[in-house]
Amino acid sequence: MNNEIVPELEPLKSRFAPGSSDTRGPRVRPPKGQRRYAILRVKKIKTAGDLAAAARHNFRERDADNADPNRKDSNQVLLGATGSEEIAELWNARAPEKVRKNAVRALEYVVTASPEAMERIGAENSNAYLEQALDWLKERHGEENILSAVIHDDETTPHLQALIIPIDHRGRLNARGLIGGKGQLSAMQTEFATRVGANFGLERGLERSGATHQSIKKYYAQLAALDQISVELPERSVSVGSDLPEKDEDWRERASAEASEALRQTIAVSLAERGELSRDIDYLQAQLMEARTEVQFNREIADRSSLGVAALCALDGILRSPKEDQKGLIDRFVSETKRSWSKLPDAAKETIQTSLVQDFSLEPIEMGKKRGRSRETDLDL
């Protein structure tokens, strides 16, 4: 296809060019073609049904809207199971005997890079990049815990999808211990980009607390939608096309293809801009929620900490009373405190326990738990 844009599309090109001074719409960032990000995403799978569905997608046992069925044979199974039934067998073989109802049953990793970066490094290096990514996952989770690892070459951008059972060193399902919260996930992104992505000229994506990635399902849906965008231009008028050597049919095909590509790029940039704006909003909302939570927490402590102070004062009075009266007073104190203990915030409980240990040299009391025979209180004060 001729790389020169047709005259009819020149206004569209100039309007959306980086740094354009056109005032009819917002200025946009440089095109995605300049990006070279290493992309690593992880998703928690919490049910056996979701794990089976992910496996069927990865092994193309069901139709994938975003995949080209004619390129299915180009996919590569690098490790583990070769079908969804085998995934279930491997999971059952590795899982502990007792599994909590709310346990994360598997982790699904997706490894790829910016589409233009994958195209730039070529098919051979793309495979090498994804194979090194698998080596990194083996080191992180243990090869024995990788249920399957598949390279998909039948989609727009080659990528690795790996299903992993999150078993820790104690043999327990412990996804949180392995991938942690936002801080640990951010560190994992940095480590991956440094140890794997950098070997292929890839860098870490923009790091910002509060940033969230779209779901894998939504990501695929957007890619598929962009691929479906098409523009059919009308035929040229006789006066316009009479002096041009290009046939009307050829012109229409070429111009429509270029118009479609220009529209796809414009929409892709708009989606990226909207995604970043959405992340900014999420970040600010999270900060607001944290502030509200902190205010509420402090308010609860202010409202209820008087109970903790009163308890300490009461205990101090008991300890200063005659020794023959202490046991009865302590029994009454414990009975009253148990009724109020559940209402205390954790911070107030911690304050009381700390004071018992430091100020009165007593062992912390576990309120509300039966401990067999009541321990005799022997206070030599």
Determine which member of the set Asn127, Asn92, Asn70, Asn102 is in a loop (DSSP other than H, G, I, E, B) and either at positive phi or not charged (D, E, K, R) (or both). Asn102
Step by step: first the residues of region 105-119, then only those that are acidic (Asp, Glu) and in a helix (DSSP H, G or I), then the one that is surrounded by the most Cβ atoms within 10 Å (Cβ to Cβ). Which residue is that? Glu116
Identify the single condition in (1) touching a helix residue (DSSP H, G or I) at 6+ places or on another chain (Cβ under 8 Å); (2) surrounded by fewer than 17 Cβ atoms within 10 Å (Cβ to Cβ); (3) without any contact (Cβ under 8 Å) to a residue 60 or more places away in the chain that Gly142 does not satisfy, given that it satisfies every other one. (1)
Which one of the conditions (1) modelled with pLDDT under 90; (2) of a type outside the set (D, E, K, R); (3) in a helix (DSSP H, G or I) does Trp136 fail to meet, given that it meets all the rest? (1)
With respect to Leu130, is the statement that it is within 30 Å of Lys98 (Cβ to Cβ) and crowded, with 16+ Cβ neighbours inside 10 Å true? no
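Looking at Ala149, Ala162, which is the one that is within 20 Å of Thr47 (Cβ to Cβ), in a strand (DSSP E or B) and among the aliphatic types (A, V, I, L, M)?
Numbers: Ala149 fails: within 20 Å of Thr47 (Cβ to Cβ).
Answer to the check: Ala162.
The values are calculated or read from the model by the stated rules, or taken from the named source; none is laboratory data. This one's a predicted model, so the numbers in the text were calculated from it and none came from an experiment. A quick note on method: Cβ atoms are made from the backbone with ideal geometry, for glycine too, and the neighbour counts reach across all protein chains shown.
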